[in-house]
Each structure stands twice: as C-alpha cells, then as structure tokens.
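Engineer: Here it is, the structure, as structure tokens.
Just so it is clear, none of the values below were taken in a lab; they were calculated from the coordinates. Keep in mind it's a predicted model, so treat the numbers as computed, not measured. Cβ atoms come from the backbone with ideal geometry, glycine included; neighbour counts cover every protein chain shown.
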Amino acid sequence: MCRGARFALLLVGVVASLACDRNVEPFDPNEVVEQPDLSRIFPEGAERSGDADTLRGTVPAEAPPAPGGGPPLRGTIRISDELAARVPDQAVLFLIARTGAAGPPTAVRRVATPRFPLEFTLGPDDRMIATMPFEGPFQLSARVDVDGDATTRNPGDLQGEAQGAFAPGASDIEIVIDEVL
C-alpha cells in the first residue's frame, strides 16, 4: 500500500472516531427514568392528527379487543403404563392446541410437576397471541419436557396426541402420552 493510501486510511479513521458522538455515559443505578419530552418531535398543532396524545404518552394506548373465542376444551391427559416411571420429578407438561401443521400454536397451557391422570381445560385465556381467534378445529398434543423449555425437544421427552380434531367447547377429550422422543 502506498504512503498516500495509508495516510488517507488513517485520516478516515481519525475523522470517523471524532465524528462519532454516541453520548455514552457510565451506568448509574440511581438514575430516575423519566418520560422523554416529545414536544420537539411533535410540534404544537400535531394534536389535530388524533394520535399526538397517544404518541406523547399522555393517553394510554389500548390494545384492540381480542376476538371472540369459543368455550374451553376439556379432557384428561394420561400417561401409558410403560412410560409412567420415566416422568422426572421436575418435569413440565405442555398442552398444545393447533389449528394447522405450520405456524404458532393457538393456545398452550404449562403445568409444572404434573401428576397423571391430569384433568385439563384449555381456552381463550391460554392463547399464545391475544388477537388470534380461539376457533377450531384443534389438534391437541401434550409433551412432558425435562428442561421446562417449550422451544426444545430433547431426547427422553415424552409426548402424545389426542385422536381427531376438536371444536371449542369439546369435552371428554383424552390424550395419552405414549411416545419417547
């Protein structure tokens, strides 16, 4: 690299380091958190848009109401005799309702240290996304998870599925946990 190119590169580095003002200060655990002054961003007259107060934080923004949902699903989760001894003491059970093979589950219930047979209800209050309608038909599955993390599927976790699809309000649903991952 020629001397002029090195000098230019050095000059660019110096200018970049001087131009970067990130206003980084040491962490202060006693600092009081305050609402920022948004009047510089939303000048006088912005109120006419209807969103100014919400954007300024003076009017709490309300989430849209959740779509209606049907009544909860009810049933029993059992574990096969062959797998009953394989349930660890600190296991977590995940009861999952899906409306299709892809995408997020519609509803999930987490049960720490489950005891079988386990009576369950799963309804609109268990939705993963509050704005997602609780409308079936649902496929139900249950997984006994050793590490308690719903996103992992580890060897040794136990699972089972209910046979069929169920509309909201269905009862007497039976899920048998009979498979080892």
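Engineer: At a Förster distance of 25 Å, what's the computed FRET efficiency of M128 paired with V180, Cβ-Cβ distance as r, to 0.05? Mind dumping the intermediate values first?
Structural biologist: Working: r = 26 Å, r/R0 = 1.04.
FRET efficiency, M128 to V180: 0.45.
Engineer: Using DSSP, restrict attention to beta bridges with both residues in the range 73-180 and report what percent are antiparallel, rounded to the nearest 5.
Structural biologist: 85 percent
Engineer: Continuing with this model, one more query. What is the dipole size for the range 73-180, taken about its Cα centre, with +1 at each Lys and Arg Cβ and -1 at each Asp and Glu Cβ, in debye to the nearest 20? Don't jump to the answer; show the numbers that get you there.
Structural biologist: Working: 10 positive and 16 negative charges, 53 e Å.
Here the range 73-180 has a charge dipole of around 260 debye.
Engineer: Can you find, among A101, V176, A84, the residue sitting farthest towards the positive end of the charge dipole of the range 73-180, where Lys and Arg contribute +1 and Asp and Glu -1 at Cβ?
Structural biologist: It is A101, whose Cα lies furthest towards the positive end.
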